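Encoded as structure tokens, the structure appears first; notes follow it.
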Amino acid sequence: MNKELKEELFNQLSEYCSVLVDEPMSKHTSFKIGGPADIFVRPTNSDNLMKVLNISAQRQLPVMIMGNGTNLIVRDKGIRGLVIQITDNMSAYGIEGEDIVAEPGILLSRLSRIALDQELSGLEFAEGIPGTLGGAVTMNAGAYDGEMSFIVRQVEYLRSNGQICMLNNEQLCFSKRSSLVQSDSGVVLRTRISLKRGERENIAAKMSEFRAKRREKQPLELPSAGSIFKRPEGYFAGKLIQDCGLRGYRIGGAEVSGLHCGFIVNKGNATAEDVTSLIKYVQDKVLADFGVQLNLEVKIVGEE
């Protein structure tokens, strides 16, 4: 994108949202890596979001929607076009009986604590998950004994063609770490989650248990994108990687975590190329040693 177009878009989009030009994506991903986005915007409501999308469509510009950047690897050359971030800029919620209705930018971990305050059970698994509700619905996030497909009742959804519709659980086509939203490249605008009444002490105890497990088994002190690989049928990705002798294996500043081999961590100066090279090395090694193809749970985006 040339300088003149960036200036035009900055002036036009600033009416509807905060706008940054050539914004380093390393500031907006949990991996702390990634080159610049041509235009980085944060709309404040769904109406402004649609205005931004209409402008990008009129100009035929590529658009990427992101949440908290926790499941994302951005390549070193960055992202061409527009990046639209939906986090605390769109995070309102309401309680309706045993349901929580919330905008996509609210953190899933915050939502689990809201459920606890309301003595609602079903979101305990989300304690400690750093992503947003919209991202969690998109990838059917889950942990331990729960996942989003168990609790999502309905989603107000903006299709890639600009149509707004209401989708129920079945229509969302949830599968392992995926959903219709992911394949359709649309945007979650609002989600209704259905929970059940529970005892506050029991809910809190379960959340505390999951929190302790994460601290014990995951390298939370280093930048990462969480679990890199989906769990292959009949195996555990981390165990396969460990059995290949790759615990602590490094390429540049990227390392297979010594605490959990299913994680790749940024030791402080990793590039996206370091990370993607290490991912490929791990995949090739596991395939050669065990005949198992490891598929990505994280999303890799940006210019190669």
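Just so you know, all these numbers are worked out from the coordinates, no wet-lab data involved. Since this is a predicted model, take the numbers as computed values, not measurements. Every residue, glycine among them, receives a Cβ derived from its backbone with ideal geometry; neighbour counts consider all protein chains shown.
Of 103, 127, 15, which has the largest mean-square fluctuation in a 10 Å C-alpha GNM of the chain?
Checking each option, the largest mean-square fluctuation is seen for 15.
Given the Cα-Cα distance of residue 303 and residue 54 and 0.36 nm per residue of separation, how much length would full extension add, in nm?
Working: separation 249, 0.36 × 249 = 89.64 nm, distance 2.35 nm.
Using 0.36 nm per residue and subtracting the Cα-Cα distance, I get 87.3 nm.
Among rounded, prolate and oblate, which fits the chain when a ≥ b ≥ c are the square roots of the eigenvalues of its C-alpha gyration tensor, a/c under 1.5 means rounded, and a/b larger than b/c means prolate?
On the way: a/c = 1.82, a/b = 1.07, b/c = 1.70.
Cα axes put the chain in the oblate bin.
Give me the number: length gained by fully extending residue 230 to residue 92, i.e. 0.36 nm times residue separation minus the C-alpha to C-alpha distance, one decimal in nm. Before the final figure, lay out the partial values.
On the way: separation 138, 0.36 × 138 = 49.68 nm, distance 3.09 nm.
Value of the extension gain: 46.6 nm.
Taking residue 27 as the anchor, which lysines have their alpha carbon closer than 18 Å to its alpha carbon, excluding any fewer than eight residues away along the same chain?
77, 267, 299
If you place +1 on the Cβ of every Lys and Arg and -1 on the Cβ of every Asp and Glu, how big does the dipole about the Cα centre of segment 180-304 come out, in debye to the nearest 20?
Working: 20 positive and 16 negative charges, 156 e Å.
The calculation lands at about 760 debye.
If you stretched the chain out fully between residue 110 and residue 295, how much longer would it get, using 0.36 nm times the residue separation minus the C-alpha to C-alpha distance?
Difference between extended and current length: 63.7 nm.
If the only charges are +1 at each Lys and Arg Cβ and -1 at each Asp and Glu Cβ, what is the size of the charge dipole of segment 91-202 around the Cα centre, to the nearest 20 debye?
On the way: 11 positive and 15 negative charges, 68 e Å.
Approximately 320 debye in magnitude.
Of the residues 166, 90, 25, which exhibits the maximal mean-square fluctuation in a Gaussian network model of the chain defined by a 10 Å Cα contact cut-off?
166
How high is the relative contact order of segment 1-120, given as a whole-number percent (alpha carbon pairs under 8 Å, six or more residues apart)? Before the final figure, lay out each step's value.
Values: 203 pairs, mean separation 27.4, N = 120.
Reported relative contact order: 23 percent.
Can you give the % of DSSP beta bridges in segment 3-88 that are antiparallel, to the nearest 5? Write down the numbers at each step before the final one.
Values: 7 of 15 bridges.
The answer is about 45 percent antiparallel.
Would you please name the GluC sites (Glu not before Pro) within segment 188-220 that are DSSP coil residues with at most 15 other C-beta atoms within 10 Å of their C-beta? It would help to have the intermediate numbers written out before the result.
On the way: sites: 199, 201, 209, 216; in loops: 199.
Here the GluC sites (Glu not before Pro) that fit, given the DSSP loop and packing criteria, are 199.
Please give the FRET efficiency for residue 2 paired with residue 267, using the beta carbon to beta carbon distance and R0 = 41 Å, rounded to the nearest 0.05. Numbers along the way, then the final one.
Details: r = 36 Å, r/R0 = 0.89.
Efficiency at R0 = 41 Å is approximately 0.65.
Report the charge-dipole magnitude of the chain in Debye, nearest 20, computed about the Cα centre from +1 at each Lys and Arg Cβ and -1 at each Asp and Glu Cβ. If you can, show how the numbers build up before the last one.
Working: 36 positive and 38 negative charges, 100 e Å.
Magnitude of the dipole: close to 480 debye.
From the backbone phi of segment 217-231, what are the Karplus-calculated ³J(HN,Hα) couplings (6.51 cos²θ - 1.76 cosθ + 1.60, θ = phi - 60°) in whole Hz, Gly and Pro given as x?
Result, ordered by residue: 10, 10, x, 6, 7, 10, x, 7, 10, x, 5, 6, 10, 5, 6 Hz.
Quick one: compute the contact order of the chain, relative version, from alpha carbon pairs under 8 angstrom and 6+ residues apart, as a percent.
On the way: 643 pairs, mean separation 51.8, N = 304.
Relative contact order of the chain: 17 percent.
Tell me, what is the percent relative contact order of segment 91-202, built from C-alpha pairs under 8 Å that lie six or more residues apart?
Working: 224 pairs, mean separation 35.6, N = 112.
RCO, segment 91-202: 32 percent.
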